[in-house]
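Written out below as structure tokens is the structure these notes cover.
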């Protein structure tokens with residue numbers, strides 16, 4: 001328990017350490033992987049050059065083998081072959097003698113008749129005929145002899161292979177200096193490109209990780225908000241339940257006093273009690289709406305759907321709300337284009353609540369004229385539409401966008417003095433959605449509003 005509290009208390013610190021760890025680790029791994037691949041690529045290229053160098057050596061061997069006994073002819077042929085390729089820096093033919101080698105022919109004439117002793121040549125001489133060794137300049141760059149290490153910045157490969165005469169005995173050693181400048185340039189370009197890509201990749205990864213750390217923080221914040229939201233829902237549910245009892249008691253006692261159960265009261269007291277009853281009624285509606293919101297948000301709302309003919313529910317709603325319409329001298333009508341409506345799969349109590357909210361809203365926001373309810377089967381009887389149309393104050397396009405939002409109420413000159421919680425339409429839409437229906441609204445300012453509720457029909 002103490003460890004959990006310690007981690008929770010230092011959550012921000014550990015989150016920061018974790019983020020820094022990722023930002024360092026991931027780019028490091030990418031850099032290591034890139035450098036490793038580039039080095040492997042270079043090694044692969046070197047291996048290819050080594051093999052090609054030996055192949056070139058064998059080809060030159062085959063071309064000059066017949067001239068091993070004639071130094072002048074051998075020299076001419078070597079000079080000719082060296083001039084044909086810029087990649088061949090030098091071709092030499094050496095013969096062994098007295099524990100060293102003497103140059104008998106060379107594309108670099110300054111080498112001719114020079115003696116040279118080099119361990120690499122001894123190793124090459126020990127190789128079988130038509131085979132040899134190939135090594136790069138890096139491995140022999142410590143040598144000081146200019147014959148092996150010329151004054152050049154070019155990296156080269158040194159190929160050395162023994163040459164046998166027609167009798168099969170070794171007679172000479174062929175050496176070739178093969179430039180690797182072209183390949184080195186390509187490798188360097190690829191390495192540079194890889195470094196650029198690596199730097200960009202690391203930058204993108206760092207940015208991504210920074211965003212990921214922020215998103216993690218947002219996720220934790222979201223979880224906290226959800227916890228607070230759940231606590232809020234629980235509080236609203238508890239408070240609403242606790243408010244319901246005293247509000248019911250206030251309305252009950254006010255009603256008893258008005259009815260004379262406790263004796264006669266004068267008109268002034270009656271007016272005051274009527275105001276109390278009216279206020280308690282509004283508070284009761286608010287409590288009921290809050291309880292409904294709590295049930296919907298917590299997923300505790302129960303829907304018991306069954307195939308239903310809604311005409312009787314609509315008629316009952318009209319009867320219940322007729323007194324409100326008559327108080328405002330409004331016409332309240334219900335009409336249908338069919339004697340019998342197709343059945344829809346709904347919860348009758350919830351659908352009744354939807355109709356009461358929509359028709360009650362229409363009456364509330366209509367100063368004069370009429371409120372009409374229409375029912376119509378659409379799409380060859382597959383859809384049933386219930387339309388509630390009024391000649392009220394209407395609303396603008398911007399006001400319609402937020403109409404089904406929680407606690408949203410239109411605030412303008414026309415709505416002054418009209419009470420409400422701003423929850424009725426939100427609850428209505430949720431109810432319709434839960435029962436598998438759809439609701440939409442069309443409205444024009446100072447002309448009127450029409451709500452359309454549609455449900456798929458069902459067979460009996």
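The values are calculated or read from the model by the stated rules, or taken from the named source; none is laboratory data. Here the structure is a predicted model, which is why all the values come from computation and not from measurement. Note that each Cβ is placed from the backbone with ideal geometry, even for glycine, and that neighbours are counted across all protein chains shown.
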- Task: Considering (1) in contact with a strand residue (DSSP E or B) (Cβ under 7 Å, 6 or more places away or on another chain); (2) buried (at least 17 other Cβ atoms within 10 Å of the Cβ); (3) at pLDDT 90 or above, say which one residue 333 fails and leave the rest.
- Result: (2)
- Just one of the numbered conditions (1) farther than 20 Å from residue 290 by Cα; (2) in a helix (DSSP H, G or I) is not true of residue 426; which one? (1)
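Residues are listed down the side, and each one gets a yes or a no for (1) touching a strand residue (DSSP E or B) at 6+ places or on another chain (Cβ under 6 Å); (2) in the same structural domain as residue 439 (by TED's automatic domain parsing):
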{"site": "290", "(1), (2)": "no, no"}
{"site": "318", "(1), (2)": "yes, yes"}
{"site": "363", "(1), (2)": "yes, yes"}
{"site": "377", "(1), (2)": "yes, yes"}
{"site": "383", "(1), (2)": "yes, yes"}
{"site": "394", "(1), (2)": "yes, yes"}
{"site": "397", "(1), (2)": "no, yes"}
- Item | segment 297-316, residues that are surrounded by 17 or more Cβ atoms within 10 Å (Cβ to Cβ) and either modelled with pLDDT under 75 or part of a helix (DSSP H, G or I) (or both) | 297, 313, 314
- All positions within segment 352-380 that are in a helix (DSSP H, G or I), out of contact with any helix residue (DSSP H, G or I) (no Cβ under 7 Å at 6 or more places or on another chain) and more than 13 Å from residue 330 (Cβ to Cβ): none
- Item | Exclusive hit being part of a helix (DSSP H, G or I), over 30 Å from residue 66 (Cβ atoms) and at pLDDT 75 or above, set 195, 182, 257, 202 | 257
- Item | Selected residue (only one of 280, 325 is crowded, with 17+ Cβ neighbours inside 10 Å and in contact with a strand residue (DSSP E or B) (Cβ under 7 Å, 6 or more places away or on another chain)) | 325
- Scan segment 399-414 and give yes if some residue there is crowded, with 16+ Cβ neighbours inside 10 Å and at pLDDT 90 or above, otherwise no. no
- Task: Tell me which residues, restricted to segment 62-77, are under 19 Å from residue 125 (Cβ atoms) and either touching a strand residue (DSSP E or B) at 6+ places or on another chain (Cβ under 6 Å) or outside the structural domain of residue 162 (by TED's automatic domain parsing) (or both).
- Result: 68, 74
- Note on the structure: Per the filter on segment 429-460, residues in contact (Cβ under 8 Å) with a residue 60 or more places away in the chain and part of a loop (DSSP other than H, G, I, E, B) are 435, 436, 437, 459, 460
- Note on the structure: Counting only residues in segment 99-123 that are under 15 Å from residue 172 (Cα atoms) and part of a helix (DSSP H, G or I), the one modelled with the lowest pLDDT is identified as 120
- Task: Output the residue which, of all residues in segment 94-108 that are touching a helix residue (DSSP H, G or I) at 6+ places or on another chain (Cβ under 6 Å) and closer than 15 Å to residue 125 by Cβ, is surrounded by the most Cβ atoms within 10 Å (Cβ to Cβ).
- Result: 101
